[in-house]
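Here is the structure we will look at.
What follows draws every value from the coordinates through simple rules; no lab data is involved. Source: prediction; values computed, not measured.
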Amino acid sequence: MVTISLLWELSDEKLIEAYQQATLLNLDKNFIEMLIEEIDTRGLGIRINSYVS
């Protein structure tokens, strides 16, 4: 998997928004996995639950 090193530059809110949009648009699973990894690294896993319908 290719790591996007610039994900750390996103604010928590923008990262969560990117995850939300990526899942809604059914984007590439590897991209979504990278977003999830960054969300987990930041300890934001609880926050994403509010965006998943």
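The stretch between Ser11 and Thr41, if pulled fully straight at 0.36 nm per residue, gains 9.5 nm over its current Cα-Cα span.
For Leu27, no residue has an amide H sitting under 5 Å from its own, ignoring neighbours fewer than 5 places away on the same chain, with H placed 1.01 Å from N.
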